[in-house]
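Since the structure comes first, as structure tokens, the remarks are kept for the end.
The values are calculated or read from the model by the stated rules, or taken from the named source; none is laboratory data. Quick caveat: nothing in here was measured; it's all calculated off a predicted structure. Every residue, glycine as well, gets a Cβ built from its backbone with ideal geometry; the counts of neighbours run over all protein chains shown. Heads up: the accessible areas ignore ligands, DNA and RNA and are worked out on the full protein's heavy atoms, side chains in. Shrake-Rupley method; radii C 1.70, N 1.55, O 1.52, S 1.80 Å.
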Amino acid sequence: MTRTSLSFVLLLASYVAASNSSATISTASASDSSTPVMSSTSSMGSTSSMSSANMSTSGVTTSVSTTSSMTSYLATETGPLTLPISQYSFTPFPTPTLAPEPPVFPATDPFYPPPVSADPLIIPDFAPAWAAAYTKATAMISNFTIQQKVNITTGVGWANGLCVGNTPPVGNFPGLCLQDSPLGIRDTDLVTSFPAGITTASTWNRALMRARGLAMGQENRMKGVNIALGPMMNMGRIAQGGRNWEGFGADPFLTGESAYETILGLQAGGVQATAKHYINNEQEWKRTQASSNVDDRTQHEIYAHPFMRSVMAGVSSVMCSYNLVNDTYACNNNKTLNDIMKREFGFQGFIQSDWAATMNTLSAVAGLDMTMPGDVTFSSGTSYFGQNLTDFVMNGTISTQRLDDMATRIIAAWYFLHQDEGYPNVTVSSFNFYNPLNQEVNAQSDHYLIVREIGAAGTVLLKNEGALPLYKPKSLVLVGSDAAPPVSGPNEYSDQGGDPSGILAVGWGSGTNNFTYLISPYEAIQARARVDQTSVFWDFDDWNLAKAGNSVIGMEAAIVFVNSDSGEGYITVDGNSGDRQNLTAWHEGDQLILAVAAQNNNTIVVTNSVGPLILEPWVDHPNVTAIVWANLGGNEAGNAIADILYGAWNPSGKLPYTIAKSPMDYPAQLISGGTPADILSINYTEGLLIDYRWFDAQNITPRYEFGFGLSYTTFEYSDLAITTISPADYAQTDLIQNWENGGASPIAEGSTTALWLHMPAYKVTFNVKNTGAVYGGEIPQLYIHHPPSAGEPPSVLKGFTNVEVSPGQTTSVSITLSRYDLSIWDVVRQGWAKPGGTITFSVGASSRDFRLSGTVPA
Ligand code: BGC
């Protein structure tokens, strides 16, 4: 079968509920007892029927369902909370009024973001650009009818447009195309498959994060996509979390910086970015029927932080998630939508629902601005917005002011990105791969260069006993299917939702796209073997351990490739319904490694994994001489791995999460079980102690700690200093003074994103010397240690940068800290405050490899 025809079959399977005989198909029928009776909306298109396709492959069970089922009268301890029907008025929040002040706080247009800086020395102020966009949007809707304004907020319904989400044209407003995914454009052709979020975060390199965002933004614009449905910034709270790989790891600061740079890049490329999934969507199992119960401090300091950084990056849209937060659905949650996002963060854009995550019409009052894809459940032909919203506005249940605010926010975001100025037509056809539209525009450019560089920079060297880099080996053997090209081409399964027969370069679900091409390690290493005149052997059979063992005897090096996959919960692969059932390598990879290590004393392990694996069965095996943690590399994955193996790229990546010795060492586990009627309680009882913070606090030794990663050279740190940066006159000195005296930030609109809180307050400087023999990059990290009375984890990441140094050379490094970086969320005063006592800090090469320590001046 040709690639195109195979892709067509896959695509066909992509948008129908596909299953084999054992699969379950459930459609979401979201309703609850307090919801008024729904009537069909006129804006909905025809109901498309469900069909199914066989997705069984090589004995692995693959089942696909649409969003998990929701039934009426859900059972829970407290029951889902909804807003009572009553008269609500709503006043849109004004745009921030603080005058922009260069050089620290310049007025910024999303097309011209500040240059990449390791320190947030410049805080872009998007308020004037928002204000200008609001003026235009207000003018546009001034003559619109209620129904027209409602149409702006209501998607046209599942599969009724070219994109995965579409809004209709209204007056002079052309309507919007909303399209996945966070790593490239989904469901089309001639686009780039970038490395996943987790790989990007592993670079700890802001310039690469920005470059990836920009390239994706350019591709989206070329294909006419108005709104890219990414980045995804849920935290890796549990190691099993099915979608962790779409995001940026298990630390809020690293995730926040990754989100910030990605959004600045995407929007500079012309597309509107979407910060998703807001909020606490940290596992896939029962994602539409689970309440993440999170205390206010943890919410602010950990889970909301990346979304706050997104707002600071001028993100145009936020997507609320499927789950409940403290027993209220996230898309119906006044606290998280209105209070935190729009009030505290001063968010000026619009909030869209995840697909069929809208729970009722009154969600509009809780802060939801747009319902996606528009229908109550996929293809139901009904909507909570549409005619229902019109009725609610007409009968006064929802104020016209609120409807105006919803429509204004959506149109303002479009003006904010200048999409009124000759934006390209949509040339993706999500539901029909054969539509020539998909090949009309080739958006790839030379973005493969960025893919390859991030693939290498996002690879973490965990162990190296002199095995790497390879230098003209006489013989090499590649073992394991993960080294190989997938048997049936790069797109074996719709949404990559199946057990890969070759290299794992992406997880599964809506966070994927179709590979235009995919380079495997086998192809990259073969090409290199020609140059080096190396004799190459391979054995891609994961299951015949005796054969694998025999194949490596006498070889100069044996490279074993293993992987571990996960994805979005609507697809189940080999019993993994999105989330991983365990943290071991797939295809019994541990046995394969042991079989090879038993016969070859230079066994190099390469992993392509969606998240942490338990490495204990073989990590200390004397014949395992190197471990290369290659994450998910996108369509240049094999080339990037070869670049690391041969030293074309000196490894500089660092782990964005902790690799534990035992699954039970992690602070939280997947919550499973429950009947179809239950709402699960997911209690975030570990509070602030996510990932390494827990290991530190509980004194648990991890196998490889957060922030860890080796290089082919070594670095020495010296000459630490910290100085206070005196605030400029314009920087709200009264608030600074209040904070210095122990006061909390005020309760006000935009209070959490205010300039005085984020401007650089301290400058930490030190030197890094390359003490080895080769050029290399290092990622110095800064961790704050609060006084015990603050109730904080022992160490919290608050700064990092990347430096490249020649052998014998020294480079000076600076990292700034803001007052926000030093603050804790005061639950009683509802503001950011400096804890009493002495704050110290460490600088080093990981969360446990501190090289220098200092004290923040009082
Ligand atoms: C996912 C979102 C995605 C949307 C549209 C949902 O199932 O959770 O991340 O953007 O579908 O495909």
Flag if G381 is at positive phi and in contact (Cβ under 8 Å) with a residue 12 or more places away in the chain: yes
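Let's see how each residue does on (1) away from the ligand (no atom under 16 Å from the Cβ); (2) touching a Lys or Arg at 6+ places or on another chain (Cβ under 6 Å); (3) among the polar types (S, T, N, Q):
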residue: A304; (1), (2), (3): yes, no, no
residue: M308; (1), (2), (3): yes, no, no
residue: A313; (1), (2), (3): yes, no, no
residue: S316; (1), (2), (3): no, no, yes
residue: N323; (1), (2), (3): no, yes, yes
residue: N333; (1), (2), (3): yes, no, yes
residue: I340; (1), (2), (3): yes, no, no
residue: E344; (1), (2), (3): yes, no, no
residue: Q348; (1), (2), (3): yes, no, yes
Output for the range 195-228, where each listed residue is within 16 Å of the ligand (Cβ to nearest atom) and over 22 Å from L437 (Cβ atoms): A196, G197, I198
Evaluation of T765 against (1) touching a residue at least 60 places away in the same chain (Cβ under 8 Å); (2) within 16 Å of I722 (Cβ to Cβ) (one fails), failing number: (1)
Residue list for the range 567-597, filter: over 30 Å from the mean Cα position of the chain (by Cα) and open to solvent by 30 Å² or more (accessible area, probe 1.4 Å): Q591, L594
Among (1) open to solvent by 10 Å² or more (accessible area, probe 1.4 Å); (2) over 28 Å from the mean Cα position of the chain (by Cα); (3) of a type in the set (G, A, S) - the single one G549 does not satisfy: (1)
Qualifying residue in the range 493-515 (condition: of a type in the set (F, W, Y), open to solvent by 20 Å² or more (accessible area, probe 1.4 Å) and under 15 Å from R452 (Cα atoms)): no
Qualifying positions in the range 377-400 - touching an Asp or Glu at 6+ places or on another chain (Cβ under 7 Å) and not in a loop (DSSP other than H, G, I, E, B): T382
Number of the exception - L403 against (1) within 26 Å of the chain's Cα centre (by Cα); (2) assigned to a helix (DSSP H, G or I); (3) under 30 Å from A268 (Cα atoms): (1)
Residues satisfying the stated conditions in the range 432-464, i.e. in a loop (DSSP other than H, G, I, E, B) and open to solvent by less than 60 Å² (accessible area, probe 1.4 Å): F433, N435, V441, A443, Q444, H447, G458, T459
Any hit, the range 360-368, residues being within 30 Å of W756 (Cα to Cα) and within 16 Å of the ligand (Cβ to nearest atom): yes
Residues located in the range 154-183, provided they are buried (at least 24 other Cβ atoms within 10 Å of the Cβ), within 13 Å of the ligand (Cβ to nearest atom) and in a loop (DSSP other than H, G, I, E, B): G155, W158, G161, C163, V164, D180, S181, P182, L183
Matching residues, the range 263-285, being of a type in the set (S, T, N, Q) and within 14 Å of the ligand (Cβ to nearest atom): Q272, T274, N280, N281, Q283
Members of the range 229-256 that are open to solvent by 10 Å² or more (accessible area, probe 1.4 Å), away from the ligand (no atom under 13 Å from the Cβ) and of a type outside the set (G, A, S): R237, Q240, N244, F253
Qualifying positions in the range 184-216 - open to solvent by less than 10 Å² (accessible area, probe 1.4 Å) and hydrophobic (A, V, I, L, M, F, W, C): I185, V191, F194, A196, I198, A201, W204, M209, A215, M216
Selection from the range 473-492 of residues that are under 23 Å from T603 (Cβ atoms), surrounded by fewer than 23 Cβ atoms within 10 Å (Cβ to Cβ) and among the charged types (D, E, K, R): K474
Given (1) open to solvent by less than 10 Å² (accessible area, probe 1.4 Å); (2) among the hydroxyl-bearing types (S, T, Y); (3) more than 16 Å from the ligand (Cβ to nearest atom); (4) under 12 Å from the mean Cα position of the chain (by Cα), number of the condition Y260 does not satisfy: (1)
Some residue of the range 598-607 being over 23 Å from G466 (Cα atoms) and within 24 Å of the chain's Cα centre (by Cα): no
